Amino acid sequence: MSTRIVEVRRGILKQNDQQAAVLRRRFQEAGVTVVSLVSSPGAGKTEFLRRTLEALRGAGHRVAAIVGDLETDNDARRLAEAGVPVRQIVTHGRCHLEAEWVGEHLEGWALDQLDYLFIENVGNLVCPASYDLGEQVRAVLLSVTEGEDKPLKYPTIFNSADLAVITKVDLAAAVEFDRAAALASIESVRPGLRVLEVSAKRGTGMAEWLALLGAYRPAAAPATPDA
Amino acid sequence: MHELSIVNALVAMVEEKARAAGATRVTRVQIRVGALSGVVADALRSSYDFGTTGTLLEGSTLAIEEVPVAIACLACGRDVVLPGIQHFCCPDCGTPSARVTQGRELDLLSFEIETPDPEPSIEPGADP
């Protein structure tokens, strides 16, 4: 018996990263804008997404959503009320989505017939941070009913996000939400991160959000004369 | 807690390479965990024994090299290491920076294996 050391230097999640890269390429080629939503449980992801789907559909956009939960397809049924295709990933206790499962749940969908695809992650501010899903934009949601220092407690997910959305701002006064403190927390863990403040129920801030979604769309290819 | 998922991914990666190297057993695994990887070193350690049971890695030691976050400070013109992950500003001059240059690592570095004694004609440790 002899021993030896094998040098590797490889990302432990390389398989997920590779699958995410494949998805990202597919999304780009199909021209679909993919936005993922992460937050703690109860921050209002599903309501925010349902209103978003309704608004986009109403404006003539082609949209679909995938939603992850530990158990139940309740959220998929809620989102389907928006009248768009929705699929549920039940993770059976696993605390995050992985690129492979997203890929499996896309089967049969013509991505090139979609303008937007939303991926609602499992309610969790820790584990989803490690898993790239091939999304173009990762939005992290924080409701006014949570602590203003939540970004300081979960810096990794806020640092990995492309956008922060403060939700339920209609309740801000009732819960004495310290807006300046929340914004400072976000700025501390991710300087320069764009922040939106919304109330999905009241519609506050939704116009700005929809405008931002419009800006995420690829620019229309300029008409090129025949070569 | 997704550390068991991470351990499972680690085990799959090491087992595949260890088998290819002719290992009968893996005795030590060395990984690097960045402060911004989303993985907690202590939680990995406590998932490790369970996640390696019944695999080539059973009974092996997990060595974790923890890496702090570094950001590029444009004002100082260099990378600076942060004492934590709550404040992404230069500890020297206070300038904020979102440009992370280190700390997202979650890497398998190396592992140690036991193999049957090599044929006498092969130099120990020599790579083909």
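The values are calculated or read from the model by the stated rules, or taken from the named source; none is laboratory data. Note that the structure is predicted; figures quoted are calculated from it, not measured. Glycine gets a Cβ as well: all are built from the backbone with ideal geometry, and neighbour counts include every protein chain shown.
If the requirement is being under 21 Å from B:ILE6 (Cα atoms) and of a type outside the set (Asp, Glu), which of these qualifies: A:ILE157, A:ILE186, A:ILE166?
A:ILE157
Quick one: is B:GLU58 surrounded by 14 or more Cβ atoms within 10 Å (Cβ to Cβ), modelled with pLDDT of 95 or more and touching a strand residue (DSSP E or B) at 6+ places or on another chain (Cβ under 9 Å)?
It is false that B:GLU58 is surrounded by 14 or more Cβ atoms within 10 Å (Cβ to Cβ), modelled with pLDDT of 95 or more and touching a strand residue (DSSP E or B) at 6+ places or on another chain (Cβ under 9 Å).
Are any residues in the range B:9-62 in a loop (DSSP other than H, G, I, E, B) and among the aliphatic types (A, V, I, L, M), and if so, which ones?
Answer for the range B:9-62, where residues must be in a loop (DSSP other than H, G, I, E, B) and among the aliphatic types (A, V, I, L, M): B:ALA21, B:ALA23, B:ALA35, B:LEU36, B:VAL39, B:VAL40, B:LEU56, B:LEU57.
I want to confirm something. Restricting to the range A:115-162 and keeping residues that are within 13 Å of chain B (Cβ to nearest Cβ) and charged (D, E, K, R), which single residue is nearest to the chain's Cα centre (by Cα)?
A:ARG138
A:LEU13: within 30 Å of B:GLU114 (Cα to Cα), touching a residue at least 40 places away in the same chain (Cβ under 8 Å) and of a type in the set (A, V, I, L, M, F, W, C), yes or no?
yes
Would you mind stating whether A:ARG50 is basic (Lys, Arg), over 21 Å from A:GLY31 (Cβ atoms), in contact (Cβ under 8 Å) with a residue 12 or more places away in the chain and assigned to a helix (DSSP H, G or I)?
Yes; evaluated as a whole, the condition is true for this residue.
Please go through the range B:46-90 and pick out each residue that is within 29 Å of B:GLU112 (Cβ to Cβ) and of a type in the set (Asp, Glu).
Listed by number, the residues that qualify are B:ASP49, B:GLU58, B:GLU65, B:GLU66.
Would you confirm whether or not the range A:46-54 contains a residue that is modelled with pLDDT of 95 or more, among the polar types (S, T, N, Q) and within 13 Å of A:TYR116 (Cβ to Cβ)?
yes
Which count do you get for residues in the range A:1-47 that are within 14 Å of chain B (Cβ to nearest Cβ) and in a strand (DSSP E or B)?
Going through the range A:1-47 one residue at a time, the tally reaches 11.
Whether any residue in the range A:143-152 is within 14 Å of A:SER36 (Cα to Cα) and touching a Leu at 6+ places or on another chain (Cβ under 6 Å) is what I want to check.
The answer is no, given that none of the residues of the range A:143-152 is within 14 Å of A:SER36 (Cα to Cα) and touching a Leu at 6+ places or on another chain (Cβ under 6 Å).
Here's the yes/no breakdown for (1) surrounded by 16 or more Cβ atoms within 10 Å (Cβ to Cβ); (2) at the interface with chain A (Cβ under 9 Å from one of its Cβ atoms); (3) at pLDDT below 95:
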position: B:LEU62; (1), (2), (3): yes, no, no
position: B:PRO68; (1), (2), (3): no, no, no
position: B:CYS73; (1), (2), (3): yes, no, no
position: B:CYS90; (1), (2), (3): yes, no, no
position: B:VAL100; (1), (2), (3): yes, yes, no
position: B:PRO116; (1), (2), (3): no, yes, yes
position: B:GLU119; (1), (2), (3): no, no, yes
position: B:PRO124; (1), (2), (3): no, yes, yes
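Just to be sure, is A:ALA223 at pLDDT below 95 and either among the hydrophobic types (A, V, I, L, M, F, W, C) or surrounded by fewer than 21 Cβ atoms within 10 Å (Cβ to Cβ) (or both)?
Judged against the criteria, A:ALA223 is a match.
Which residue is surrounded by the fewest Cβ atoms within 10 Å (Cβ to Cβ), if the candidates are limited to the range A:98-114 and must be free of Cβ contacts under 8 Å to residues at least 40 places away in the same chain and under 17 Å from the mean Cα position of the chain (by Cα)?
A:HIS105
Could you check the range A:82-98 and list, in sequence order, the residues that are away from chain B (no Cβ under 14 Å) and in contact with a helix residue (DSSP H, G or I) (Cβ under 7 Å, 6 or more places away or on another chain)?
Residues satisfying the conditions are A:ALA82, A:GLY83, A:VAL84, A:VAL86, A:ARG87, A:GLN88, A:ILE89.
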